[in-house]
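All remarks here apply to the structure that follows.
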Amino acid sequence: MTRIVSLSAKPYEIPLKRTFATSQGSTDTARGVSILLKLEGGQEVHGESVPVAYVTHESVETVIATVEHLAPNLIGKDVMSYAHLMHEINSFAHDAPSARLGLEMAILKAWSFYTGVSLWKLFGGALHSLQSDITIPLVENATLLAKDAIAANIHTLKVKVGSPNYMDDIERVKAIAMAAPSAKLRIDANQAYTAIEALKFVDSLTRLNIIPELLEQPTPASDPAALAEVAKYSSVPVFADESCCTPYQALKLAETPVQGFNLKLNKSGIRGVLDIIAIGRSASKILMIGCMLETRMSVAISVALACGTGAFRYIDLDSHLLLNETGENPYFTQDGACITLGEGMI
């Protein structure tokens, strides 16, 4: 009843409510892969993958190819042995975290269905709700979006920066701070700065009495020394994002002045995120959980993991607010910044 009989994958596209832009580019569409897992008992469950090439070097096409490659190794296996299956998936697709995530998600959802145990409980059941920020992308109407967030009772803004001239970013953050004076700010540069530029950026904001909660990935992921330099001298805590995709990278970062890690299921997989949580806690790093342009279903898995483990100080789970999905949200409710899982939904 609980053995896998087939696995398939197909692409999907969902329009965004508005353009989403970072220093790495812009898009009006969320693109991902839907993975369908069928069990011998007739149950069907879905997983999802949202690959982002500049983070994990995957694409929709490579995710589908990875699933098709792994399917013969998983068909006939019992989802009740989910830990063994996750180990197998990691062994065969070590360098494909987004593809791994879609398979892990489907397997755990199937396990949850047959055991009657929610993923929230499986991950520990520590919290019942979360307080998330909302992202202000690198767009011209950023101040209007900031005002809209405050009106929606979301008072923490994750502001994307990374203009060709960092001085323009300073003026932009200043304008957002003036438009939403009650808001807490988190800054995400998506690798746009040199170490010197990042430190000048922080110093300029400090002189304006704008003190963000954190500065995320200010320098290129390919230059860990630059990230460590910014973390050493910055008056604002520095978080690794694109530099922290694997447990091995987290181990290396644990030895640096970097103050925190931003974890995402699509860049590490579920097993990878759980491993990085353990590393981060052992090294006394501050943990944040974020997302790609993921659907409500995928966000719900992150919510279940974040609530279940209780490991995260900062929550950045807002992509469902950016996608133009149809129908009701069957997975969780949101009141302002507060996200609450429905009983038994995930």
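Every number here is computed from the coordinates shown, using simple stated rules; none is lab data. Everything numeric here is computed off the predicted structure, so don't read it as measured data. All Cβ positions, even for glycine, are placed from backbone atoms using ideal geometry, and neighbour counts span all protein chains on display.
Computed from the C-beta positions of Lys232 and His57, the FRET efficiency with R₀ = 22 Å rounds to 0.15. Per DSSP H run of n ≥ 4, the term is -39500 (n - 2.57); total these for the chain, divide by its residue number, and report the mean residue ellipticity at 222 nm rounded to 500 deg cm²/dmol. Calculated mean residue ellipticity at 222 nm is -12500 deg cm²/dmol.
Fully extending the segment from Ser222 to Glu44, taken as 0.36 nm per residue of separation minus the present Cα-Cα distance, adds 60.1 nm.
Each of Leu251 and Asn141 was given a label point 7 Å from its Cα along the Cα-to-Cβ line. The distance between the two points is 4.8 nm. Take every pair of alpha-carbon atoms less than 8 Å apart whose residues are at least six positions apart; their mean separation over the length of the chain yields a relative contact order of 18 percent. For Phe92 and Asp335, what is the calculated FRET efficiency with R₀ set at 35 Å and r taken between the beta-carbons, to the nearest 0.05? Calculated value: 0.25. Would you mind telling me which residue in Ser23, Ser298, Ser284 has the biggest mean-square fluctuation in a Gaussian network model of the chain, where springs connect alpha carbons within a distance under 10 angstrom? Highest fluctuation among the options: Ser284.
In the structure shown, the pairs Lys10/Lys109; Lys10/Lys267; Lys200/Lys285; Lys184/Lys285; Lys160/Lys264; Lys10/Lys121 are assessed against 28 Å; a Cα-Cα span above that value is assigned to Lys10/Lys121.
Dipole orientation for region 1-82: of the candidates Ser23, Thr56, Val67, Ser23 has the Cα lying most toward the positive pole (charges on Cβ; Lys, Arg +1; Asp, Glu -1). Across region 261-346, C-alpha contacts under 8 Å between residues 6 or more apart give a mean separation that, scaled by the residue count, equals a relative contact order of 26 percent. Can you give me the C-alpha center-to-center distance between region 194-235 and region 236-303, rounded to a whole angstrom? Cα centres, region 194-235 to region 236-303: 19 Å. Listed peptides 87-96, 187-196 appear in the order 187-196, 87-96 once ranked by packing, highest mean of other Cβ atoms within 10 Å at the front.
Model label points for Arg313 and Asp28, set 7 angstrom from Cα along the Cα-to-Cβ axis, are 4.0 nm apart.
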